[in-house]
1. Working carefully through the options 358, 400, 377, find the one that is β-branched (Val, Ile, Thr) and within 20 Å of residue 440 (Cβ to Cβ).
2. Just to verify a result, which residue in segment 230-251, among those that are of a type in the set (Gly, Ala, Ser) and surrounded by fewer than 17 Cβ atoms within 10 Å (Cβ to Cβ), is nearest to the chain's Cα centre (by Cα)?
3. Of the residues 275, 283, which is in contact with a Phe, Trp or Tyr (Cβ under 9 Å, 6 or more places away or on another chain), in a strand (DSSP E or B), over 18 Å from residue 197 (Cα atoms) and open to solvent by less than 70 Å² (accessible area, probe 1.4 Å)?
4. Hand me the list of strands (runs of 3 or more DSSP E) wholly inside segment 522-563 holding 1 or more residues that are open to solvent by less than 10 Å² (accessible area, probe 1.4 Å) and more than 15 Å from residue 499 (Cα to Cα).
5. Does at least one position in segment 387-395 carry a residue that is free of Cβ contacts under 8 Å to residues at least 12 places away in the same chain, within 24 Å of residue 433 (Cβ to Cβ), assigned to a strand (DSSP E or B) and open to solvent by 20 Å² or more (accessible area, probe 1.4 Å)?
6. Keeping to segment 59-80, report how many residues are at positive phi and open to solvent by less than 20 Å² (accessible area, probe 1.4 Å).
7. Would you please list the contacts, defined by Cβ atoms under 7 Å and residues six or more apart or on different chains, that run from a residue in segment 478-492 that is more than 26 Å from residue 460 (Cβ to Cβ) and free of Cβ contacts under 8 Å to residues at least 60 places away in the same chain to a residue that is of a type in the set (A, V, I, L, M, F, W, C) and surrounded by 17 or more Cβ atoms within 10 Å (Cβ to Cβ)?
8. Taking residue 185, is it loosely packed, with under 14 Cβ neighbours inside 10 Å, at pLDDT 90 or above and part of a strand (DSSP E or B)?
Amino acid sequence: MLSELEIQAVIGFTGRITQGLILHPDNEHIIYPLGSTIVVRHIISRAQTFLRGHDNQISVITVSRSGDYVASGQRTYMGFQADIIIWDFKERSMIHRLKLHKVLIQSLSFSYNELYLASLGGIDDKNMLIVWDIKAGKALYGTPNRDPVNQVQFYNQSDEKMIAVLNTGVQILTIDKLNKKIQSVDVNFGNVKRTFTCVAIDKNDKYCYCGTKTGDVFEIQMDMAIYKRLAPVKKLFSQGVNCLGLLPNGDIIVGAGDGMIAKVSYQTMQIVASSELLGGVTSITFTNDYTHFFTGTSQSNIYWLDTEKLLPELRNTCHYERINDVAFPNNYSDVFATSSLNDIRVWNAKNRQELLRIQVPNLECWAVAFMNDGKSIVSGWSDGKIRSFLPQSGRLMYVINDAHIHGCTSLTCTSDCQRIISGGSEGEVRVWEIGKQTQVMKSSMKEHRGRVWSIQVRRNNEQAVSASADGSCIIWDLKSFTRVMCLFESTLFKMVLYHPEESQLLTTGSDRKITYWETFDGQAIRMLDGSEEGEVNALAITKEGEHFVSGGEDKEVKLWGYDEGICYFKGQGHSGTITRITISPDQKSIISVGAEGAIFIWKMPESVINAKAQLELPTVQSVKKQSEPQQQSQQQQTQQAPKDSQSQKSNPAAKSVKSGTKSSKK
């Protein structure tokens with residue numbers, strides 16, 4: 001059995017899930033999904049704990065009224081069962097894993113007294129509604145539905161009544177315990193036709209409010225099953241209503257698809273206050289006193305608002321699209337940068353907060369790196385330009401126009417900060433000389449026929465190696481700008497690394513193999529099966545070269561022993577393909593980024609850190625052993641030649657000459 005890698009922290013929030021952000025009833029924790037992991041974060045201390053048990057992306061999450069239970073559902077592949085997990089919040093442990101639904105869990109709801117859990121399947125599950133006994137973990141009642149159902153919600157004062165929001169209407173459901181059935185009554189909307197999305201029920205179970213894709217809100221009298229009023233009176237919400245919240249005085253908080261958050265008056269059904277947020281509003285969760293609330297948006301931002309004026313305060317932010325690259329500054333572990341669609345973000349590694357955002361609209365950043373002196377961030381973009389920014393202000397320093405025709409896909413910098421080596425999607429590797437005012441192309445080396453995925457430079461800046469999708473890795477001479485050696489394999493190379501001793505290369509790609517190469521003659525020494533399922537995209541190696549890390553389409557971070565070629569640790573948490581991995585300069589953490597926009601910070605295992613310490617100890621002892629005979633020989637020399645020392649005292653010039661010859665001999 002492989003040991004589990006411990007998650008140290010995560011940066012991310014799957015904002016596209018409706019009502020995915022929940023403030024726990026204790027008013028101290030917020031709960032939200034990130035890929036296949038549920039994150040429980042303390043609001044003040046920002047300490048994180050994780051609920052891990054799903055093997056695919058979480059699709060829905062809910063918390064019981066008392067806060068004792070958390071329930072989560074996932075999506076899975078066609079034909080497979082989708083799990084529901086009921087968690088004990090205090091113990092942070094799994095209570096039940098419920099298996100009946102297929103492909104997707106659409107909605108979950110706890111009953112008033114926390115006796116039952118209602119779960120709703122997707123279209124592939126025939127929109128099956130199942131009511132579960134929480135204590136026993138068994139299914140009690142179930143019924144399919146012809147129309148697609150978007151949400152199911154228990155009443156606030158009853159364990160036997162629910163509301164189901166269908167695409168074409170709304171149903172009031174009652175559990176018939178005698179006949180073991182679920183009875184349904186359709187709400188009468190007359191001639192009005194809408195596509196319904198969400199529901200919010202008032203505390204007394206008299207009225208409920210349903211949002212629609214058209215952008216209006218229906219008020220429904222629940223005992224009569226008829227609709228009473230429509231809101232807003234004049235202007236509809238753009239891009240539909242995604243979520244609703246109710247205040248104690250009856251006012252409605254509406255979250256719209258265009259990013260508007262609005263308060264609608266209960267009496268007049270008109271908008272009283274509103275604010276614009278970044279991304280469509282998907283979650284609304286109130287504090288216990290209803291004075292403030294959190295909202296989550298589709299662009300993975302978390303805001304804190306007051307219920308009076310709806311003034312937004314940005315509390316948390318992260319990537320919402322695929323992350324392409326991650327980089328640390330040279331020998332500095334407190335800060336790292338990530339690149340994604342539209343922007344580069346610089347993060348504080350300790351408190352996981354965003355320090356800087358560099359935005360270039362409508363473009364994608366494919367590669368990012370810090371110069372060794374830390375004075376600039378260099379990046380490659382989909383428009384073919386290389387852009388350099390100041391790391392503190394984010395101000396643009398310079399742009400290399402038309403660096404590559406169809407986008408700059410990879411880049412790296414030399415250790416003297418005078419050159420950038422970049423690779424493009426058309427296969428060219430180019431060397432740029434960076435001056436104070438000028439950026440000059442020194443050479444364009446065209447031998448690859450496919451996209452250049454990775455470039456690495458040797459420490460002496462005399463050679464570089466590039467990995468391409470055409471199935472070749474080429475070692476280049478950076479003085480004569482010619483090919484030194486070429487490595488061929490029937491694969492799309494995704495990553496290439498120099499071993500710290502620079503005598504070997506490590507490559508990976510679409511054939512799922514991790515290959516060791518000899519740099520002297522270009523021969524493959526060893527091949528490992530990096531994954532059983534998908535291609536391996538990312539590699540990172542420790543400073544000593546004793547261990548390396550891999551990740552790819554199997555969504556697992558794997559830690560390997562370099563000499564043994566054995567995988568010792570495995571980390572699960574990503575719900576998308578892992579695109580890049582790096583190890584912090586202090587060797588204490590591993591950072592992996594994925595296609596779902598998540599950043600996972602993994603703790604380097606103690607056994608690996610201890611192994612490094614043990615490696616360093618014998619070298620110190622050996623140095624001591626070597627120094628002992630040298631000291632003895634020096635003592636003998638001094639005893640033999642006392643006259644020389646007396647002459648040195650009288651002649652300082654001779655002393656300096658003798659010391660110079662000694663140092664040169666050494």
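The values are calculated or read from the model by the stated rules, or taken from the named source; none is laboratory data. Please read these numbers as outputs of a predicted model, since none were measured by experiment. For neighbour counting, all protein chains shown are included, and Cβ atoms are generated from backbone atoms with ideal geometry for every residue, glycine included. Each accessible area value is taken on the protein alone, full model and side chains, heavy atoms only, with ligands, DNA and RNA left out. Shrake-Rupley method; radii C 1.70, N 1.55, O 1.52, S 1.80 Å.
1. Numbers: 358 fails: within 20 Å of residue 440 (Cβ to Cβ); 377 fails: within 20 Å of residue 440 (Cβ to Cβ).
After applying the criteria, what remains is 400.
2. Filtering segment 230-251 down to residues of a type in the set (Gly, Ala, Ser) leaves 231, 238, 240, 245, 250.
So of that shortlist, the ones also surrounded by fewer than 17 Cβ atoms within 10 Å (Cβ to Cβ) come out as 238, 250.
Details: 238: 30, 250: 38 Å.
Only one residue fits best here, namely 238.
3. Numbers: 283 fails: over 18 Å from residue 197 (Cα atoms).
The conditions single out 275.
4. Values: elements: 524-529, 536-541, 547-552, 556-561.
The qualifying strands (runs of 3 or more DSSP E) are 536-541, 547-552, 556-561.
5. no
6. Initial filter on segment 59-80 (at positive phi): 67, 79.
Next cut, open to solvent by less than 20 Å² (accessible area, probe 1.4 Å) only: 67.
The total comes to 1.
7. The qualifying pairs are 492/469.
8. On the way: loosely packed, with under 14 Cβ neighbours inside 10 Å: yes; at pLDDT 90 or above: yes; part of a strand (DSSP E or B): yes.
It is true that residue 185 is loosely packed, with under 14 Cβ neighbours inside 10 Å, at pLDDT 90 or above and part of a strand (DSSP E or B).
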